[in-house]
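Step one of this worksheet: look at the structure below.
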Amino acid sequence: MLKKILIAPFIFLVRFYQVVISPLTPAACRYSPTCSQYTLEALKKHGLFKGGWLAIKRIASCNPWGGSGYDPVPEKDNKRH
C-alpha cells in the first residue's frame with residue numbers, strides 16, 4: 001500500500017507526459033517499450049527508488065550515442081541476503 005502511495009505522483013507525471021506532451025512532439029524514443037512506458041513498469045515492479053533509478057538510467061541512455069532496440073524492465077530479484 002505504501003509503495004503505491006509513494007509512486008502515485010510519479011505515475012501521474014508520466015501519464016501526463018504521455019497524454020499531453022508526447023503527442024505534440026515527434027516520436028524519438030530509441031527503445032521498445034518507450035522510455036515512458038518503461039518508467040511506469042519499473043516504478044510498479046520495483047518501487048520508487050530502484051524503479052526510479054532504472055528509469056533515470058534508461059532515459060539517460062536514450063540518445064544518439066546510447067543504446068536502442070528491445071529493452072524490457074528487469075525482473076524483480078527476490079533474493080534476500
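Quick rundown of the values:
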| item | result |
| --- | --- |
| Under-18-angstrom lysine pairs by C-alpha in the chain, whenever the two are 8 or more apart or on separate chains | 16 |
| Theoretical ellipticity at 222 nm over the chain - DSSP helices of four or more residues, -39500 (n - 2.57) apiece, nearest 500 | -18000 deg cm²/dmol |
| Acute angle (nearest 10 degrees) that the helix 35-61 long axis makes with the longest principal axis of the chain, alpha-carbon atoms | 30 |
| Karplus-derived 3J(HN,Hα), 6.51/-1.76/1.60, for each residue of segment 3-19, Hz, glycine and proline x | 4, 5, 5, 5, 8, 3, x, 6, 5, 4, 4, 5, 5, 4, 4, 4, 8 |
| Accessible surface, the chain, averaged per residue in Å² (probe 1.4 Å) | 75 |
| Accessible-area composition of the chain, carbon plus sulfur, in percent [1.4 Å probe] | 66 |
| Mean projected area (nm²) of the alpha-carbon convex hull when the chain is viewed from all directions | 6.2 |
| At 1.002 mPa s and 20 °C, Stokes diffusion of segment 39-81 via Kirkwood alpha-carbon radius, µm² per second | 191 |
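The values are calculated or read from the model by the stated rules, or taken from the named source; none is laboratory data. Quantities reported herein were computed from a predicted structural model and do not represent experimental measurements. Keep in mind that these areas ignore ligands, DNA and RNA; they rest on the heavy atoms of the full protein, side chains included. Shrake-Rupley method; radii C 1.70, N 1.55, O 1.52, S 1.80 Å.
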